[in-house]
1. Under the rule of at least 5 residues apart or a separate chain, name every residue whose amide H is placed under 5 Å from the amide H of L9.
2. Going by amide H atoms built from the backbone, whose H comes under 5 Å of the H on G41, apart from near neighbours?
3. Kindly work out what percent of the DSSP beta bridges joining two residues of the chain are antiparallel, to the nearest 5.
4. With runs of 4+ DSSP H residues as the only contributors, calculate the mean residue ellipticity of the chain at 222 nm using -39,500 (n - 2.57) per run, divided by the residue total and rounded to the nearest 500.
5. Taking the Cα atoms of the chain, what is the range of coordinates along each of the three principal axes, in descending order and whole Å?
Amino acid sequence: MPFIVVRMLEGRDAEQRRKFARAVADAAQQHLRASATDVQGHFVDVPRTHFFRGGTFQSDLAD
């Protein structure tokens with residue numbers, strides 16, 4: 001039973017999450033031979049003030 005955790009910067013809307021979740025579930029079914037009801041997961045939103053790359057917080061970068 002695959003349990004998939006997706007960590008990403010905050011800001012995606014429900015439709016984007018829905019489409020991504022469907023694509024990930026489809027990929028798990030295809031490549032892991034998991035049944036649709038066995039694929040589970042959740043999203044973890046990371047605030048831009050909590051994520052840095054190379055010592056610079058995402059919140060400090062221009063969008």
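Just so it is clear, none of the values below were taken in a lab; they were calculated from the coordinates. None of the values given here were measured: they were computed from a predicted structure.
1. V46
2. It is I4, by chain and number.
3. On the way: 2 of 9 bridges.
Of the beta bridges lying entirely in the chain, close to 20 percent run antiparallel.
4. Numbers: 1 runs with 19 residues, N = 63.
When only DSSP H runs of four or more count, the value is -10500 deg cm²/dmol.
5. Principal extents (largest minus smallest coordinate, Cα): 42, 23, 14 Å.
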